[in-house]
1. Since Asp93 meets every condition but one in (1) crowded, with 17+ Cβ neighbours inside 10 Å; (2) modelled with pLDDT under 95, which condition does it not meet?
2. Inspect all residues belonging to the range 10-19 and state whether any of them is of a type in the set (Gly, Ala, Ser) and modelled with pLDDT of 95 or more.
3. May I ask you to say which residue of Glu52, Glu100 is surrounded by fewer than 21 Cβ atoms within 10 Å (Cβ to Cβ), modelled with pLDDT of 95 or more and of a type in the set (Asp, Glu)?
4. Output the number of the condition that Thr54 fails; it satisfies all remaining conditions of (1) of a type outside the set (Gly, Ala, Ser); (2) out of contact with any helix residue (DSSP H, G or I) (no Cβ under 6 Å at 6 or more places or on another chain); (3) in contact (Cβ under 8 Å) with a residue 24 or more places away in the chain; (4) under 24 Å from Leu112 (Cβ atoms).
5. Report, by residue number, each residue of the range 16-29 that is touching a residue at least 24 places away in the same chain (Cβ under 8 Å) and either open to solvent by less than 40 Å² (accessible area, probe 1.4 Å) or under 12 Å from Ile87 (Cα atoms) (or both).
6. Give all pairs with beta carbons closer than 9 Å in which a residue from the range 134-162 that is at positive phi meets a residue that is of a type in the set (Val, Ile, Thr) and open to solvent by less than 30 Å² (accessible area, probe 1.4 Å); count only pairs at least 6 apart in sequence or on separate chains.
7. When Lys144 is evaluated against the numbered criteria (1) over 28 Å from Arg29 (Cβ atoms); (2) at pLDDT below 95; (3) within 16 Å of the chain's Cα centre (by Cα), which criterion, by number, is the only one it fails?
Amino acid sequence: MKLIITDIEDFHIKVEGKYQLISPKGNIRPCVGCFGCWVKTPGKCMICDGYENTGIAMGSCTELILVSRCCYGSVSPFVKNVQDRAISYIHPDFVIRRGEMHHKRRYKNVILLSAHFYGEAITEDEKRTARNIAQANADNYDGKVKDVCFYHSPEELEGIIL
């Protein structure tokens with residue numbers, strides 16, 4: 001299953017295969033760092049606002065697709081907030097992977113990460129930052145980067161197939 005996290009409210013991008021969409025609907029509250037998703041309700045956020053099952057959804061996906069406005073080389077505040085609320089995807093314990101300390105996996109799936117950024121004037125520095133952040137996210141998820149793509153507008157994304 002593909003998990004798509006996007007800041008586009010009216011999402012019209014064609015998707016092949018089974019997928020779940022997380023997009024802005026209602027207010028998303030920020031992660032408060034309570035660690036409840038790690039110890040009290042493993043995998044599920046304690047904040048009940050419609051986004052509490054994001055970590056569980058990540059645990060059942062094979063591909064995580066981020067579709068976001070490029071903000072200084074990173075994702076939009078909404079997409080970042082969803083990612084923060086999905087911290088329960090990983091386990092609180094640590095392991096060493098490729099010589100770096102990372103959180104241990106909670107789930108068995110291996111995530112393939114794709115990021116599709118849009119913005120009118122994305123600079124080369126922002127593109128480099130976006131690629132580095134995508135790789136860092138994949139490393140933290142113990143996954144792999146599939147694609148990092150850039151577009152001029154959300155409408156240009158409507159011509160692609162995810």
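1. Just one mismatch for Asp93, condition (1).
2. yes
3. Result of the check over Glu52, Glu100: Glu52.
4. Against the list (1) of a type outside the set (Gly, Ala, Ser); (2) out of contact with any helix residue (DSSP H, G or I) (no Cβ under 6 Å at 6 or more places or on another chain); (3) in contact (Cβ under 8 Å) with a residue 24 or more places away in the chain; (4) under 24 Å from Leu112 (Cβ atoms), Thr54 comes up short only on (2).
5. Residues satisfying the conditions are Ile22, Pro24, Ile28.
6. Pairs that qualify, where the first residue is at positive phi and the partner is of a type in the set (Val, Ile, Thr) and open to solvent by less than 30 Å² (accessible area, probe 1.4 Å), are Asp142/Ile90; Asp142/Ile111.
7. Failing condition for Lys144: (2).
The values are calculated or read from the model by the stated rules, or taken from the named source; none is laboratory data. Note that the coordinates shown come from a computational prediction; the quantities given were computed from them, not determined experimentally. For neighbour counting, all protein chains shown are included, and Cβ atoms are generated from backbone atoms with ideal geometry for every residue, glycine included. Side chains are part of the model used for accessible areas, which takes the heavy atoms of the whole protein and leaves out ligands, DNA and RNA. Shrake-Rupley method; radii C 1.70, N 1.55, O 1.52, S 1.80 Å.
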